[in-house]
1. From the list L207, L253, which residue is open to solvent by 20 Å² or more (accessible area, probe 1.4 Å), of a type in the set (A, V, I, L, M, F, W, C) and more than 60 Å from the chain's Cα centre (by Cα)?
2. Between residues in region 171-192 that are closer than 16 Å to L232 by Cβ and of a type in the set (D, E) and residues that are open to solvent by 30 Å² or more (accessible area, probe 1.4 Å) and assigned to a strand (DSSP E or B), which pairs lie under 9 Å by C-beta distance while being six or more apart or on different chains?
3. Condition first: within 17 Å of L123 (Cα to Cα) and small (G, A, S). Now tell me which residues in region 154-181 satisfy that.
4. Would region 231-249 turn up any residue that is in a helix (DSSP H, G or I), in contact (Cβ under 8 Å) with a residue 60 or more places away in the chain and surrounded by fewer than 16 Cβ atoms within 10 Å (Cβ to Cβ)?
5. Within region 196-204, is even one residue open to solvent by 60 Å² or more (accessible area, probe 1.4 Å) and not aromatic (F, W, Y)?
6. Filter region 122-166 down to residues that are part of a strand (DSSP E or B) and either touching a Cys at 6+ places or on another chain (Cβ under 8 Å) or within 22 Å of H181 (Cα to Cα) (or both), then give me how many there are.
7. One residue is enough: does region 167-186 have a residue meeting the conditions open to solvent by 70 Å² or more (accessible area, probe 1.4 Å), of a type outside the set (D, E) and in a strand (DSSP E or B)?
Amino acid sequence: MRFASGIRSAALLAVVAVGAFSGLGAAPAGVTQATLVPQDTCFLGFIGCSPAPAPTALPTPTPSATSGLPVLPLPTALPTPLANPLPPVAPQLAPVLSPTPTPSPSPSPIPVLAPADPGAMPLTRNPAKLSGSTLSISGLKGLGVVTVTLPDGSSMRVIKLEADHVSIDGFVLDAAGPDGHGVLTHATNMTADGSVVVYLDSIAGLLGSGASAVFDAVTPPTASDLGGLTALTLDLYGLSADVDTLTGSHEELH
C-alpha cells in the first residue's frame, strides 16, 4: 500500500504484517498495522537490506623462503662500522719450554806416565822450599814424571829434570825438618853444572807472557814453560850435580 505519490523518494518502506508476527498476536479484522522502516535498515536478512559491498581483495602473501616462517624485511642500509675498531687479539700461544741441556761430563785428564826411577837419590816426603827471581836452563836432557821409592818402601810421583846447566838468581833455600826448624840459605846466585838432576814436587812462577802458572806431577811443565820463568817457587826433593856453586851465600838457623 502506498501513502503518497513519491514516498519512495523518502526512502521509506511500508511493511504490513498480517496474523501472528514475532509473538505479537493476531490483528483485529479490518485493521491494518503499518510500520515505517528506514531503507538502510536490514530486517530478517533480506527486507530493506542494501546490497552488500563488493569484497576488497586482500594482498596475496608472499610465500616465505623457509616453510612455516615469516619473511623478515631486509635492512635498507648496512650498519656503519665503528670509527676505531678494536685491534685483533693475537692468539695466546702456550710457551714452548726448551729442554734443559744436560751438561757434558768433563773429560778425564789423560793419566801421565810415571815410569819407575830405580837410580833415584834417597828422598823424603818433606820437600824443601826454594825460591828465586830468575831461572835459566841449558842442555836439557829430560823432563817428565817418574815414580821413586822412598826409604820406608812407599812410592810417590815426582817431576824429574835433567840438564847440563841450571842457574837461579836470588836463590833462597829453606830446608826445615818436621818440627819446622832448619837451615835457611841465601845466595845471589846458585849454579849447578854437569849431570844436573833435580826432583820436584811442583814449580810455580810467571811465564814470559806475564801469566802465572803452576805445574806438578799431574800437569807437568814443558821445556818452553820453564824457559824464562821468573818469580819462581819450587818444592824441592833433591838436587845433584857435578859442581854446585853458591855466590854471595850465607846461612842461618830458624
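The values are calculated or read from the model by the stated rules, or taken from the named source; none is laboratory data. Computed from a predicted model, the values in this text were never measured in an experiment. Cβ: placed from backbone, ideal geometry, glycine included. Neighbour counts: every protein chain shown. To get the accessible areas, we keep the full protein, side chains included, count just its heavy atoms, and leave off ligands, DNA and RNA. Shrake-Rupley method; radii C 1.70, N 1.55, O 1.52, S 1.80 Å.
1. So the residue among L207, L253 that is open to solvent by 20 Å² or more (accessible area, probe 1.4 Å), of a type in the set (A, V, I, L, M, F, W, C) and more than 60 Å from the chain's Cα centre (by Cα) is L253.
2. Every condition considered, the pairs that remain are D174/K129; D174/S131; D174/V183; D174/L184.
3. Restricting attention to region 154-181, the residues satisfying the condition of being within 17 Å of L123 (Cα to Cα) are 154-162, 173-178.
Of everything in region 154-181, those that are within 17 Å of L123 (Cα to Cα) and small (G, A, S) turn out to be S154, S155, A175, A176, G177.
4. Kept after step one, since they are in a helix (DSSP H, G or I), are these residues of region 231-249: none.
No, because not a single residue in region 231-249 is in a helix (DSSP H, G or I), in contact (Cβ under 8 Å) with a residue 60 or more places away in the chain and surrounded by fewer than 16 Cβ atoms within 10 Å (Cβ to Cβ).
5. no
6. Here is the first cut: in region 122-166, the ones part of a strand (DSSP E or B) are 128-149, 155-166.
Filter again for either touching a Cys at 6+ places or on another chain (Cβ under 8 Å) or within 22 Å of H181 (Cα to Cα) (or both), leaving 128-132.
Number of matching residues: 5.
7. Taking every residue of region 167-186 in turn, none turns out to be open to solvent by 70 Å² or more (accessible area, probe 1.4 Å), of a type outside the set (D, E) and in a strand (DSSP E or B).
The rows are residues; the columns are (1) at pLDDT below 95; (2) over 58 Å from the mean Cα position of the chain (by Cα); (3) over 18 Å from S133 (Cβ atoms).
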position: H186; (1), (2), (3): no, yes, no
position: T191; (1), (2), (3): no, yes, no
position: D201; (1), (2), (3): no, no, yes
position: F215; (1), (2), (3): no, no, yes
position: T233; (1), (2), (3): no, no, no
position: L236; (1), (2), (3): no, no, no
position: T247; (1), (2), (3): no, yes, no
